[in-house]
Amino acid sequence: MTAREGILWTETYAGHWEGCSGPTLMGVVSWHDGYAVRSAGGEVHGQHSTLDSAKAQLEGWMRWLDSTDAA
């Protein structure tokens with residue numbers, strides 16, 4: 001996983017977004033009384049009031065992974 005490729009978000013159906021880095025699914029955001037985010041492997045999950053903050057949680061986790069790989 002690398003944030004250097006970034007995450008491309010695609011709304012696959014109403015209220016459901018998939019975030020991919022290259023061909024790899026990194027996580028999903030879904031709407032149900034708030035925006036729920038979870039990484040593909042389940043390491044990250046959260047509940048947010050905005051779509052942008054839900055996406056940012058996953059993107060921040062990817063940046064953190066990149067920073068620990070470089071150490």
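The values are calculated or read from the model by the stated rules, or taken from the named source; none is laboratory data. Just so we're clear, the structure is a prediction, and the values are computed from it rather than from any experiment. No Cβ is skipped: glycine too gets one built from the backbone with ideal geometry, and neighbour counts run over all protein chains shown. Remember, those area values only see protein heavy atoms, side chains included, never the ligands or the DNA or RNA. Shrake-Rupley method; radii C 1.70, N 1.55, O 1.52, S 1.80 Å.
Just a few scattered comments:
- Amide H contacts under 5 Å for Val44: Ser39, restricted to partners 5 or more places along the chain or on a different chain, H placed in the peptide plane at 1.01 Å from N.
- The dipole here belongs to the chain: it is taken about the Cα centre, uses +1 on the Cβ of Lys and Arg and -1 on the Cβ of Asp and Glu, and is about 40 debye.
- Net length gained if the chain between Ala40 and Leu65 were fully extended (0.36 nm per residue, minus Cα distance): 7.6 nm
- Working ranking of peptides 29-38, 9-18 by packing, defined as the average number of other Cβ atoms within 10 Å per residue, highest first, is 29-38, 9-18.
- Acute angle (nearest 10 degrees) that the helix 51-70 long axis makes with the longest principal axis of the chain, alpha-carbon atoms: 10 degrees
- Whole-percent carbon and sulfur share, accessible surface of the chain, 1.4 Å: 54 percent
- The residues of the range 27-71 have, on average, 60 Å² of accessible surface per residue, using a 1.4 Å probe with all protein chains present.
- Rg in Å to one decimal, and Dmax rounded to a whole Å, for the chain via C-alpha atoms: 11.7, 40
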